[in-house]
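A.B. asks: One structure, as structure tokens, below. Some questions next.
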Amino acid sequence: MSLQNNKPLTTISSLNNLKSKSEKFTCLTAYESTMASVISKAGVDVILVGDSLGMVVQGHDSTLPVTMDQLIYHLECVVQGNQGSHIMADMPFMSYATDDLGFENATRLMQNGAHSVKIEGGEWICKMANTLAERGIPVCAHIGLTPQAINRIGGYFVQGRDTNKQDLMIAEAKALEDAGAAMLLLECVPDKLAEIITNELKIPVIGIGAGAKTDGQIMVIHDLLGISCLESPPKFVKDFMEDASSIHDAIEMYVKSVKSGSFPAKEHTFY
Ligand code: KIV
């Protein structure tokens, strides 16, 4: 693992520490070494090697085609460029469909340089989160809009708009924390629901399209750079290149905006 500038590695305890001090932290996706280097040098706390690479790198219309071997290839590239950020690796579609598969694939990601793994799902992933956590693998549980389930959900819609769904999501979040998840990621949920979950959980909560109250924020790097693969980017996306003079500058602006609480703003939030 490269730590050329001797920047201390961001760990799960650093993120817990930031949450305890009510300090916001930043996360961005990366898929290759140069961008990982720029992102980590700009002070981003967490780099996600996301299965969004299926859309923004490979050009598919969902994350489903991404394989374990492809994810590991991109993870290895990111590890080369990283300079102290915490590297979270996504477990691709069906790579944790059974306990044995999940255990084996999470092990591969950790052995190739990930510091934690991310899995999508609700209550059904509690057992997996517990098995991995007990064996020393920190897990980020991803709930709300879960893109790997897009064919069941039917589209990229905001989740948890009605009271029943909200109660279910709060219960899922607590169950995942109790099961041993080290972090929670909330995608596309109303800000009030995200605020309740963030306040009720002790573990750090990361948001995308979840308002400004979560402990951390995450964005897909292509969205931040204004080169979204979608015709009209989602409401929660901000093109930081609009006011920046370079990619480095745009990423630093993102870090400053999240830390100061000015991003996401009202226009990026679902109510
Ligand atoms: O794969 C990814 O980039 C993600 C983010 C959208 C959170 O899961």
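Rule-based calculations on the coordinates, nothing more; no lab input. These numbers come from a predicted model, not from an experiment. Please note: Cβ atoms are built from the backbone with ideal geometry, for glycine as well, and neighbour counts cover all protein chains shown.
A.B. asks: Within the stretch 231-252, how many residues are within 14 Å of the ligand (Cβ to nearest atom) and within 24 Å of residue 38 (Cα to Cα)?
C.D. replies: Here the count works out to 3.
A.B. asks: Do the conditions hold for residue 10, that is, is it part of a loop (DSSP other than H, G, I, E, B) and within 10 Å of residue 85 (Cβ to Cβ)? Please lay out each step first, then the result.
C.D. replies: On the way: part of a loop (DSSP other than H, G, I, E, B): yes; within 10 Å of residue 85 (Cβ to Cβ): yes.
Yes: the conditions hold for residue 10.
A.B. asks: Could you pull out the residue among 121, 160 that is at positive phi, surrounded by 15 or more Cβ atoms within 10 Å (Cβ to Cβ), of a type outside the set (Ser, Thr, Tyr) and in contact with a His (Cβ under 9 Å, 6 or more places away or on another chain)? Lay out the reasoning, then the answer.
C.D. replies: Working: 160 fails: in contact with a His (Cβ under 9 Å, 6 or more places away or on another chain).
That would be 121, the only listed residue that is at positive phi, surrounded by 15 or more Cβ atoms within 10 Å (Cβ to Cβ), of a type outside the set (Ser, Thr, Tyr) and in contact with a His (Cβ under 9 Å, 6 or more places away or on another chain).
A.B. asks: Out of everything in the stretch 70-86 that is within 16 Å of residue 10 (Cα to Cα) and either free of Cβ contacts under 8 Å to residues at least 24 places away in the same chain or of a type in the set (Val, Ile, Thr) (or both), what residue ends up being surrounded by the most Cβ atoms within 10 Å (Cβ to Cβ)?
C.D. replies: 78
A.B. asks: Somewhere in the stretch 118-126, is a residue more than 16 Å from residue 93 (Cα to Cα) and away from the ligand (no atom under 16 Å from the Cβ)?
C.D. replies: The answer is yes, given that some residue of the stretch 118-126 is more than 16 Å from residue 93 (Cα to Cα) and away from the ligand (no atom under 16 Å from the Cβ).
A.B. asks: Considering the stretch 56-82 alone, what residues qualify as being more than 13 Å from the ligand (Cβ to nearest atom), of a type in the set (S, T, N, Q) and under 19 Å from residue 219 (Cα atoms)?
C.D. replies: 82
A.B. asks: Additional query: Report yes if some residue within the stretch 137-154 is of a type in the set (Lys, Arg), more than 15 Å from the ligand (Cβ to nearest atom) and out of contact with any Phe, Trp or Tyr (no Cβ under 9 Å at 6 or more places or on another chain); otherwise report no.
C.D. replies: yes
A.B. asks: Moving on to the next point. Got a number for residues in the stretch 163-195 being surrounded by fewer than 16 Cβ atoms within 10 Å (Cβ to Cβ) and among the β-branched types (Val, Ile, Thr)?
C.D. replies: Counting residues in the stretch 163-195 that are surrounded by fewer than 16 Cβ atoms within 10 Å (Cβ to Cβ) and among the β-branched types (Val, Ile, Thr) gives 1.
A.B. asks: Quick one: is residue 172 in contact with a helix residue (DSSP H, G or I) (Cβ under 8 Å, 6 or more places away or on another chain), closer than 24 Å to residue 117 by Cβ and acidic (Asp, Glu)?
C.D. replies: Details: in contact with a helix residue (DSSP H, G or I) (Cβ under 8 Å, 6 or more places away or on another chain): yes; closer than 24 Å to residue 117 by Cβ: yes; acidic (Asp, Glu): yes.
Taking the combined requirement at face value, the residue satisfies it.
A.B. asks: Just name the residue that is surrounded by the most Cβ atoms within 10 Å (Cβ to Cβ) out of those in the stretch 37-55 that are more than 10 Å from the ligand (Cβ to nearest atom) and of a type in the set (Ser, Thr, Tyr).
C.D. replies: The selected residue is 40.
A.B. asks: Which count do you get for residues in the stretch 179-195 that are assigned to a helix (DSSP H, G or I), in contact with a helix residue (DSSP H, G or I) (Cβ under 6 Å, 6 or more places away or on another chain) and within 21 Å of residue 265 (Cα to Cα)?
C.D. replies: Qualifying residue count, the stretch 179-195: 1.
A.B. asks: Sticking with this one: Restricting attention to the stretch 95-117, which residues are assigned to a loop (DSSP other than H, G, I, E, B) and within 15 Å of the ligand (Cβ to nearest atom)?
C.D. replies: 95, 96, 114
A.B. asks: What are the pairs, 6+ residues apart or on separate chains, where a residue within the stretch 197-218 that is more than 13 Å from the ligand (Cβ to nearest atom) has its Cβ under 8 Å from a residue that is of a type in the set (Phe, Trp, Tyr)?
C.D. replies: Cβ pairs passing all conditions: 204/25; 211/270; 212/263; 215/25.
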